[in-house]
Amino acid sequence: MSADERQHRSPDLSGEEWLVLLSSGEVEIEGRLPWSSNYSFLVTVSGSRPGPEGAEEAVSGRAVYKPGRGERPLWDFGENLYRREVAAYELSAALGLSLVPETVLRLDGPLGPGSLQRFIEADFEQHYFTLLGERRFHPRLKELAGFDVLANNADRKAGHVLLDGEEHIWGIDNGLSFHQDVKLRTVIWDFAGEEIPAVVLEACETVAERGAPETVRELIDGDESAALVARARAMLRHRRLPAPRDDHRSYPWPLV
């Protein structure tokens, strides 16, 4: 993908409008994204939205399409990682964290069922390690660290942390999440021992009291939903971000 393509401007859509476009728009594959172990495609999604005086207005935007048939089998996670991509968005959205870009399940994708996520226009020279050097980003990075503990993210590489043009930090590539066993593998260990941000603790309280959001339960199995609730309760007890474990592979590879 060229630099010009990366700078392609997305339409000025609200989150709800993005969800409508991703859910019902026509999907056209532009090409495969590099450096991905599973097949991920840059696509254009075309549809419409209400315009002035009720007229329909054509609109299109870019998204990342991850079809199930392009997944590399994993012994511990099984099939349909794309459902976990959607579940991560639904968890972030249900808890008001806005950490994962809008993501939907598309059963009618060009290559079969898969996830479709809004493409984040970011400075791809930036990643977790570069953002860590600026203290103004630390509060948001700690929120992402807390979210990854809650979701049990097993693959938070530095390149999965994006900074958009409005300086909003996003966490992408969340397919290896929600396992019932402890799987946390991340590069975000710099805040170990610090208090979990209040917004994440509030999210944990919601999950601990009400259970996994229904939109998440529909995408993962019952044992994984129960484990999500157990992690939320554990985070409320400890209230601090964890440190890497000696008996566990705590870092992903490659790091970026």
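The values are calculated or read from the model by the stated rules, or taken from the named source; none is laboratory data. Please read all numbers here as calculations on a predicted model, not as lab measurements. Using ideal geometry, Cβ is built from the backbone for each residue, glycine included, and neighbour counts are taken over all protein chains shown.
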Could you tell me which residue of region 209-238 is farthest from GLU90 (Cα to Cα), considering only residues that are of a type in the set (Lys, Arg) and surrounded by 13 or more Cβ atoms within 10 Å (Cβ to Cβ)? ARG233
Qualifying position, being outside any helix (DSSP H, G or I), in contact with a His (Cβ under 8 Å, 6 or more places away or on another chain) and within 18 Å of LEU33 (Cβ to Cβ), among ARG62, ARG72: ARG62
Taking first residues from region 57-81 that are closer than 22 Å to HIS179 by Cα and free of Cβ contacts under 8 Å to residues at least 12 places away in the same chain and second residues anywhere that are part of a loop (DSSP other than H, G, I, E, B) and not hydrophobic (A, V, I, L, M, F, W, C), the pairs with Cβ under 7 Å that are 6 or more apart or on different chains are GLU79/GLU71
Go through region 112-129 and count every residue that is touching a helix residue (DSSP H, G or I) at 6+ places or on another chain (Cβ under 6 Å) and either more than 13 Å from LEU42 (Cβ to Cβ) or free of Cβ contacts under 8 Å to residues at least 24 places away in the same chain (or both). 7
Could you please find all residues in region 246-256 being free of Cβ contacts under 8 Å to residues at least 24 places away in the same chain and more than 19 Å from the chain's Cα centre (by Cα)? ASP246, ASP247
For the list (1) touching a helix residue (DSSP H, G or I) at 6+ places or on another chain (Cβ under 8 Å); (2) surrounded by fewer than 23 Cβ atoms within 10 Å (Cβ to Cβ), I need the number of the one condition that TYR82 fails. (2)
Residues of region 207-253 being at pLDDT below 95 and either touching a strand residue (DSSP E or B) at 6+ places or on another chain (Cβ under 7 Å) or β-branched (Val, Ile, Thr) (or both), which ones? PRO252
